[in-house]
1. Hey, rough spin-label estimate for Q83 and K209, points 7 angstrom out along Cα→Cβ, what's it come to in nanometres?
2. For labels at Q58 and R92 in the simple 7 Å Cα→Cβ model, what's the distance in nm?
3. How do I82, I27, I18 line up, fewest other C-beta atoms within 10 Å first?
4. If I take R0 = 35 Å and measure r between the Cβ atoms of N190 and A67 in this structure, what FRET efficiency does the formula 1/(1 + (r/R0)^6) give, to the nearest 0.05?
5. Amide H of A187: which non-local residues (sequence gap of 5 or more, or other chain) have their own amide H closer than 5 Å, using H built in the peptide plane?
6. For the range 18-51 and the range 144-213, what is the separation of their C-alpha centers, rounded to whole Å?
7. Which length gain, in nm to one decimal place, applies between Q37 and A118 when the Cα-Cα distance is subtracted from 0.36 nm times their residue separation?
8. Please check: in the Gaussian network model of the chain (C-alpha springs, under 10 Å), which one of D63, D19, D192 has the largest mean-square fluctuation.
Amino acid sequence: MNEMIEAMNGLFVTFEGIDGAGKSTHIESLARSFRAQGRVVTLTREPGGTPLAERLRQMVLNDSMDAMTEALLVFAARRDHIQRVIQPALARGEVLLCDRFTDASFAYQGAGRGFDRAILATLEHWVQDGVLQPDLTIWFDLPAAVAAQRLAGARAPDKFESQPQAFFERVAGGYADRMAADPGRFARVNADQDAESVWVEVDSAVRSKGMLS
Ligand code: TYD
């Protein structure tokens, strides 16, 4: 428990949205902003962020499996990531920027694939020791139809990227539900704009939380 309280000194920011929402460039820009203010920044992602979790990522993204297996693997990857990377970085007082976290499990495995949300909530409680949550989650909200256009013709799609539009409509609904359940943690950004306008919203979300001056 003491370790968890100490961990709260760092800053834990996560980035969410359906595939094609365009999180990556903004995560990099935010890392630069924090570094410019003298903060040490760790950039990481889920599933992944440790050697074990990256191996689990390959399985989750490429192998076909039922939704429960998928949920167990993403939470197993998350546990390793929290233990080896997230908690230690937060305990050192760093800024931890994570491309996706538990909201993605509720959105993809829960809303997208229809897996039991009560079980996901139990896994969340176990894996996050009942207390660890991001300080801020930036949700890049984009209509599924727009994401489909953006993804068409991009690199070879992985297992999730090749899902039909209806899947991503459910995933987007899953994110909306997570935000409604914990509005104080979330900042919703309209991702259906040019990258510069999206950045203005990302930047102001972080500043309005007092995380950047
Ligand atoms: P993504 O973050 O979009 O990475 P890239 O930009 O390299 O494609 O890919 C991760 C995929 O994993 C994405 O489709 C969402 C999915 N995912 C889950 O299904 N459950 C989870 O808990 C997490 C973290 C991700």
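1. Going by the 7 Å Cα→Cβ label model, 2.7 nm.
2. Label-label distance for Q58 and R92, simple model: 2.7 nm.
3. Placing the least packed residue first, the sequence is I27, I82, I18.
4. Efficiency for this residue pair is about 0.75.
5. Residues meeting the amide H criterion: T137, I138, W139.
6. 15 Å
7. Using 0.36 nm per residue and subtracting the Cα-Cα distance, I get 25.1 nm.
8. Top of the fluctuation ranking is D63.
All of the numbers you see were taken from the coordinates with simple rules; none came from a lab. Because the structure is predicted, anything quoted here is derived from the model rather than measured. We place every Cβ from the backbone using ideal geometry, glycine too, and count neighbours over all the protein chains shown.
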